[in-house]
Each structure stands twice: as C-alpha cells, then as structure tokens.
Amino acid sequence: MKEYILKGKTGDWEIVVGLEVHCQILSKSKLFSGSSTAFGSDANSNVSFVDAAMPGMLPVINKYCVEQAIKTGMGLNAKVNKVSEFARKNYFYADLPQGYQISQFDKPIIGEGYVEIDFNDGTSKTIGVERLHLEQDAGKSLHNEDPNKSYIDLNRSGVALMEIVSKPDMRSPEEAGLYLRKLRSIVRYLGTCDGNMDEGSMRCDVNVSVRPKGSDELRTRCEMKNVNSVRFAMQAIEYEAKRHIEVYENGGDIHQETRAFDATTGTTKSLRSKENAHDYRYFPEPDLLPLILSDEQIDKAKGEMVELPDEKKARFIKDMGLSSYDASVLTVEKETADYFEEAAKGNDAKKTANWVTSELFAVLKNSNKTISESPVSAKSLGGLVALISNNTISGKIAKDVFEIMIETGKDALSIVEEKGLKQVTDTGAIEAIIDKVIESSPENVTLYKSGKDKLMGWFVGQVMKESRGKANPGMVNKLLKEKLG
Amino acid sequence: MTKLTDLTITQTIKGLKEKEFTATEVTKDYISQIEKYEDKLNAFVTTTPEIALTQAKKADENIANGKMGLLEGIPLAFKDLYCTKDIKTTACSNILNNFVPKYESTVTQNLFNQGAVMLGKLQLDEFAMGASGTTSFFGNTISPWKANNSDKDLVPGGSSSGSATAVSARMVAAATGTDTGGSIRQPSAFCGVTGIKPTYGRCSRWGIVAYASSLDQAGPIAKDVSDTALMLQAMAGFDEKDSTSANIKVPNFPKALTGDIKGLKIGIPKEYRPDGLNKEICDVWDKGIEMLKEKGAEIIDISLPHTKYALASYYIIAPAEASANLARYDGVKYGLRVDGKDLDDMYMKTRAQGFGEEVRRRVMIGTYVLSAGYYDAYYLKAQKVRALIKKDFEEAYKKVDIVLTPATPTPAFEIGDKSMEDPINMWLNDIFTVTVNLAGLPGLSLPVGMSSTGLPLGLQLIGRPFDEATILNAGYALEQSVKFDNKPTLLRG
C-alpha cells in the first residue's frame, strides 16, 4: 500500500472516498412483480401492471431477491438484520411510474460489514461497509428517438437492486478501484449479481472530498452519479480531488452537490446543488409489511455460501504453496480459480499457477477471450504440466506443444506422441549425440579443456539442437561434463 | 305486491331457488329502477345493463343446473374505485376520466365467482376523499331522503356516496364501498342502510384505487345486516397479491346471525359523548343501549382516552399516504395529460386540471407533513397517537366484547350547507369512525332511529380484530328490535 498524496501549492492533500454501489440482483423476476429481468428485450416488453404503476396495483416481495441480499450481506461479513422495513422515496420523474421508489431507509436488511482489498505489493486494507439495502430500479428515459419527445422504457422498472454503501475509508483512486473489483468479485462468486458494469448491472456513485494531510476532518463532499466502469471511477476521483484542492487553495469553498462524470473529457460537471436537491419525504411503505427474516431463511443462505475470494486465496497460499500475488490473481474470478484448481489436480501447484498466469493468460488476452472460453481446457493444461513434471517433455518443448493444443484442441500427450516429441532420457542415445558433437568440433574441445568453461553452454546448445530439443537438458549437462572431463 | 327491488338478497335467493322469478327478471327490475331514479340521484358513473343481463342469463342457467354461488343472480354495483376489467374506472376524478383497466380487482372477481351480476359503477367523492358525495368530477350525488316538509337536496354522505344512495333507492341489491375514515359507515347512516368496514386485511385491496393504504378497506353496503353478512362472506379472503391481506380463515358470517346476545359485554366509551353532542344522536344511542340490554347484553362504561387525538392523526396519516399514492397520476402513462412546455410544466398542468380541490388540498397537506424538518412533528407523532388509540381498544377489549357508538355526529346535511365550506367541519363527520380505521378494527353501521326531521340516524358497533361475526350478530339482534323502515322519502310516493 502506497500513501497517495496530492501536492498542492499550500501543502499536501489527502483524499477521502466513499462509494455507493448499485448491484442488480441476479434473479429471473423483479423485486415486487413476476416480470422478467432479461437484458436486451424489446422496449416495454417486460412490464407488468405493477411495474407500470397501474391504479390499485400492489407490490409483493420476491423472496428469492431477499435470499440473494442475505447471501451478499454474509459475503460482506455484515450483520443480517432480522427485521427490516421498506420505505417510499418520493420524487417525480417520467421513468419512475409510481412517483416513488420502494427502497429501504432507516431499517436496511444488512448492517455494517467490511471488505478486504489487496494491493499488488501483497499488503491489504479493510474497507468498512455501512449497509446494504434492497430497492427497485426505475425505468429508462430515451431522449434521442425523437426531436420533440422523450420515450420511456419500463423494462428495468422494478428490477431488484442492492445498494451497498461503503464507509468513507478509501484514500486513493487505486483503493476505490480495488474495492470495486473486490466487490464485483464477491458478488460474482456468490452468484448474486453478474457485476457487469457496461450493461449497467453494477453502477457506482462516487463521493469525494479532500483534506490537508494529517487532518482527520471530513470536508464537504461531492457525489458523481452513475459512473459505469472501474477506470472511470478512478479518473473521476482524481479529477474531482484536484478540483477541490484548486478551489480551496484559491480561497474558495466546495458546495455539496451532485455532479456528472464525462468519460470523454475525464472531467466532472455540476448536475444540481444541495438547494435543488430532492426532499425524498421517506416514509414506511404501507403496502408492505416489515420484512422479517426467519432463522430458516438465514440458515438456508448460510448453507448456500461458497468459498469467497479471500478464503480461497488464503487456502491457495497455505495448502498449495502459491505466492500471495499468484493467489490473488487466480482468485479474482471464480472461473479462473476453478480452472486453476482443476488443472493443478495431481500436479505441482506452483508450476500450474505459472502456466495459467503467464502462458494461458497471454493467449486469452490476445484472443480477447474469458477463461470459460479458453481453447485449452483445465484438464488438458493439467496434462501438459504433468508431462513436464514427469520429464516426458522439456519446458521448451511444452511451449510448442501448448501452441499446437490451442490450434487443434488436442491433448498434450497425443500431440507429443504424434510428433515424436518425447524427451530423450536414454543415456546411450544422448551419449551418441554428444560423441558426434565432440568429434565434429575438436577446436572447441581443446579450448574448453584449456579453461574456457563458458563453451559448455555452446556444447549443450549443439547437443540440444542435434536432438531437436528432445534430449533431457539435465542429462545432457551431466554427460557432457563427464565426457569433456 | 312486493316489488323485486324491495326484496333483500336473502329473500331474492329464496325466490330464485324456488323458481318464483328468474335472475333476469330481478335484473330487469333493478335496471328499471335505475332508469327511473338515476337522473334525480346521480348515483352511477357508468351503468352496464347489457353486461348485467348477460350475467343474469348465465345465472339463470346455473340456477337451473342447481349450481348456485352465494350471490347467484344478485344485481350489484361497485364503487368506481374498484378496477373492473375493460370497464371504465375513474375514482370520480378527471385524471382517470377515461381510464379502462385491463384487470379485475380481487374483490369484484370474488363476487363474480359467486354469481353476482354487475349493474354498473358507482359515484364517490373524488379518490374517496370526502364525506358528502359532492367532490366527484361527475357532479353531486343526491340522497333519496328528504327532511320533513322540505324539498332541499341532502347529501348521501361519502365517500361511498353512490353505493349508499343506490342501495337506499333500491337501484341495486347491494353495493361495494371502501372505508378509509368512515366512508362506508357514514353514508350508510345518512341513507338508512347497513354497511360494514371489515378488519384491515380481511378483504384484498388489490385492484382498488388506493387512497391511504394503511387505512383503506373494502366492505359492503346492503339493505340489512343479513345481506351485509352475505356480501362480506363473498368479498373477503386472503389474497397473496396483497401483502397486507390476512391469511386467516373467513368464518361463516350469515351463520353467525343467531340474534342471541345474552351475556355479550358491550362497552360505551364516554369520550364519544362530548359536550354539545346532538341531542337526537344521544337519544338514539341510548335507545340502542336499552334495546341491547333487553336482549340480555351487559352494558359497561369504558374509556378510550386518546380518542380526542384521532381526527388530527387521521388527517395527517391519510393525506401523507395519499400524497404518495396519487403521485402515479402524472400524465405520463395513462389518464389525463395536459401538455406543457417541459416535463415539470406537464406535471403541474395535468395535476392541476386532473385533481379537484379536496384532492389537491390533501396531497399538499400530505406532502407538507412528510417534508424534511416536519416529519417528526407530524407524521411520526401521528403514528405514535395511532399506536395509543390501538392500545386504548386493546385495553377495552379486555373488559368488553364490542363497543357501541354513534355512527355520525349529525343526520345528513343539505347540499351547499355553508358551514361545510370550512373543510374542518366537513372532516368532523368522521369523528366517530376514524378511530376504527386507525386501529384496524371492524365497524358496522346500521340505522337505529329517525331524527325529528325524519332522517335516518345510525349507530356503530366496533369489534375485535377479525371478529366481524360478533358485531354482525349484535347488529342483527339490534335490527330485530329497531324494525327500521329503510324506504327513503323518494320511494314513498
């Protein structure tokens, strides 16, 4: 963890960041109606009478969404509140059919928790979670379909969201980025949100303020709404923090306001000031009873908990001997971790980890594929590592074999057999090659014997070349030394 | 010969069973009655005679096949707050003037499932906000009653103004109403008919246009207690589409009407007899007490100490919920839209033209009491009072089985009564009824006497939660003693 300090004219500044992250709950139907939540459907095709706020329609809580929220809460090491309450958040907007959003206010379903973030240098930091609450999403306004009219798509209206509010514990854009990635990793592991920021199923409101280094005051913050990528969030924080510093250093004052981040320019601009902020007039939702969780529901969620990235990472380090860095990289995505574990079955874990993080990741990156789309299955990669470990092939040959595996999809052993790539470990065969090399270069033999030790490398290279890479390098070394005296 | 429209539902069912007449004949008679009196009374927003006759024909087939629902062939009409599939549902507001729902409310569906026939949709105070039947976008509803030697039009009460009027004038066999602060019980009392606001959660609110969600309850208005019990039987029941509906078995209400109330403990709350209470109201209350005593009930004086805060609390909680419930009428999705120069301008023009004065008043009050800085002083305090009122009743029900009070502080007043121009005076109509909604209890209103001017006066029986059966039975016993002639002035010829 590196201290992040912004240098100003008057001195050093520290930044304070808190994030509100909206995660769309993975669920087939909406929070208070049976409508589908499928992404990319035709406009207004997933809209029930409830979602359109027709007169006399009433919300009914989707129990599955509640279970998803409980699991997420547990994943955030947070307190699960057995009694919580829905409230109406009142404001008028064309894509908010009820004229209020059903949300949770002073009694959220999940209370305080925390998330561990890991830095590249192997250190980590705890970021506090203030709460998680359930709420329904609004619809979408479409302003570009017609020069004089706006259209409304209510497909998203009523979709279940979890709003996860952090404590103002982050001190750099990097920390915010790591927190967001870790949060995404946790919800993906749990299967409670797909974490897809570009489809809007994970959205982030960023709160930023600054203070002179060493101070513990909390100055006025500004909020950037709906920042839709980790990178943008980090950019927005940096831009906004610098803006605050500039204002303060020029004798100005920051006013609480909501701002928008413009990704094309990397800047933020004011949306509305505090004076124009909505008075949401929260009050308990009278159409719903308080949400009371049974022990059964909580136990069920507990039973469905999976090993989370932190636990998995710890296990990879402790039981499999991986480095902290490798373990971190391999556990960000559950799919990667699963792939690695499958490939490492019966193999040297460190060697397998190297293959996954270097060779495989490079291939995936170049072909723009995810690990679940990998052209080489985990089992196949495991087979390749096994061939290296039992000296069937050398590491160098393995790279060639790996390339053929990617092209053909065949497993390592059949490629090795087909192409005759098996490593030569027969002493006689290697000695024959060595003899041939010695015979054909008497000058170098003389030079070597007169003390030019460095020529050993040249001899090894010649022998390997002669064997087309198949000779076991260890044996070549040993036998050469014997022969050359 | 008795007209078919004079029969109670119980009598009509008997006649249908014994093939004395058909459902089609009954329906035609009610349609004629509507044709005869509707111009004078303006009880309906929409009449549906063709639908009624089709349903009656079907009912006649069912009766012939011996398949009778609880209300087979009984012509009803519904307060125009109940959404009816493919039939205009307006809440008597300009903002829903042309709204046609594509769904059927649970309660009306329950009634149809029992063979009910629909004559139409009934007038109400706009969005159920009012106690006079004079705030509807479609004009005033007129009571079929007149004071002695007077030709002045009287209010039928509200907000279920059309329901009480239509039942009283025999334009329907019975009607549905809704009651948020007295909207079934007060018009029932004014029109000399019987109505019950069931326990909160007894009937589903799904498909009923919301006024104040934590107080709204569906209930019937009918010609007598037996019909009321039968209607409630058909309307009530758990509905998973309404999270506040109670998953409690519905008892057999008609069967509970034995008339035997020996040993029943009836509480008389002293707070309901404030200084200056209308003498005739006091007299009819005393009369009711005597009659119940004669039937063997035990009369016990009780206190409901927080009663005096009920009306103020009600007029904070109900408008607060209404201000949110009515936010959906914004001109965007359905109903009235008045174009404006931008979205906010469209909202303001639409809602200014779409809502009447009383609705606008309550939306503004509700918005105000929920605003930052005022919430604790108004809404939160009102909720605390509400809890105390509920506790008052819980204490009382340790000593008594039911509570007896007047239904209204006065008999029906004249349309255009100057004193009612002050909204506070209008709101005072709810003084005896709002406590029941705040506490979520069942309340039955039935006619017990007449004023010196010849107008009906009603009493209210308040029961324990989900104990409608006991108040219906006590009401039934009282009804037998009273022998109230509920034929209104208009029908006396």
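For the reader, a short list of remarks on this structure follows.
- Test set (1) assigned to a strand (DSSP E or B); (2) more than 26 Å from A:Ser229 (Cα to Cα) - A:Trp13 fails condition number: (2)
- Breaking point among (1) without any contact (Cβ under 8 Å) to a residue 12 or more places away in the chain; (2) over 30 Å from B:Asn97 (Cα atoms), for A:Met57: (2)
- Residue in the range B:418-431 that is outside any helix (DSSP H, G or I), more than 14 Å from chain A (Cβ to nearest Cβ), in contact (Cβ under 8 Å) with a residue 12 or more places away in the chain and farther than 27 Å from B:Arg202 by Cβ present: no
- Taking the range B:296-325 as the range and being within 30 Å of B:Asp260 (Cα to Cα) and buried (at least 17 other Cβ atoms within 10 Å of the Cβ) as the test, the residues that pass are B:Ala297, B:Ile302, B:Leu304.
- Out of B:Lys121, B:Lys85, one residue alone is within 17 Å of the chain's Cα centre (by Cα) and modelled with pLDDT of 95 or more. It is B:Lys121.
- Every pair of residues 6+ apart whose Cβ atoms lie under 6 Å, when the first sits in the range B:314-327 and is closer than 11 Å to A:Asn90 by Cβ while the second is outside any helix (DSSP H, G or I) and among the charged types (D, E, K, R): B:Ala324/A:Arg88
- Subset of the range B:31-57 that is touching a residue at least 24 places away in the same chain (Cβ under 8 Å) and basic (Lys, Arg) - its residue that is farthest from B:Gln109 (Cα to Cα): B:Lys40
- Selection count, the range A:138-169, where residues are in contact with a Ser or Thr (Cβ under 7 Å, 6 or more places away or on another chain) and either in contact (Cβ under 8 Å) with a residue 12 or more places away in the chain or not assigned by TED's automatic domain parsing to the domain that holds A:Val66 (or both): 11
- The residue that is nearest to B:Val209 (Cα to Cα), among those in the range A:21-37 that are in a strand (DSSP E or B) and not small (Gly, Ala, Ser), is A:Gln24.
- Residue match in the range B:255-271 (condition: farther than 15 Å from B:Phe432 by Cβ and assigned to a helix (DSSP H, G or I)): yes
- Apart from one condition, B:Gly207 fits all of (1) within 14 Å of chain A (Cβ to nearest Cβ); (2) without any contact (Cβ under 8 Å) to a residue 60 or more places away in the chain; the exception is (2).
- For A:Thr352, the conditions (1) more than 23 Å from A:Tyr179 (Cβ to Cβ); (2) surrounded by fewer than 16 Cβ atoms within 10 Å (Cβ to Cβ); (3) touching a residue at least 24 places away in the same chain (Cβ under 8 Å); (4) not acidic (Asp, Glu) all hold with the exception of (2).
- Of all residues making up the range B:328-363, the number that are without any contact (Cβ under 8 Å) to a residue 40 or more places away in the chain and assigned to a helix (DSSP H, G or I): 10
- Candidate set: the range B:91-102, residues that are crowded, with 19+ Cβ neighbours inside 10 Å and not polar (S, T, N, Q); chosen: the one farthest from the other protein chains (Cβ to nearest Cβ): B:Cys92
- Residue within the range A:118-137 that is crowded, with 21+ Cβ neighbours inside 10 Å and either modelled with pLDDT under 95 or not assigned by TED's automatic domain parsing to the domain that holds A:Ile164 (or both) present: yes
- Residue within the range A:431-439 that is over 26 Å from A:Ile404 (Cα atoms) and not in a helix (DSSP H, G or I) present: no
- Considering A:Glu439, A:Glu443, A:Glu482, A:Glu418, the condition of being under 47 Å from the mean Cα position of the chain (by Cα) and without any contact (Cβ under 8 Å) to a residue 40 or more places away in the chain is satisfied by A:Glu418 alone.
- Residue that is more than 14 Å from chain B (Cβ to nearest Cβ), among the small types (Gly, Ala, Ser), touching a strand residue (DSSP E or B) at 6+ places or on another chain (Cβ under 6 Å) and not in a helix (DSSP H, G or I), where the choices are A:Gly18, A:Gly73, A:Gly40, A:Gly56: A:Gly18
- Residues of the range A:169-221 that are part of a strand (DSSP E or B) and either at pLDDT below 95 or over 30 Å from A:Thr10 (Cα atoms) (or both): A:Met202, A:Arg203, A:Cys204.
The values are calculated or read from the model by the stated rules, or taken from the named source; none is laboratory data. If you're wondering where the values come from, they're calculated on a predicted model, not measured in any experiment. We place every Cβ from the backbone using ideal geometry, glycine too, and count neighbours over all the protein chains shown.
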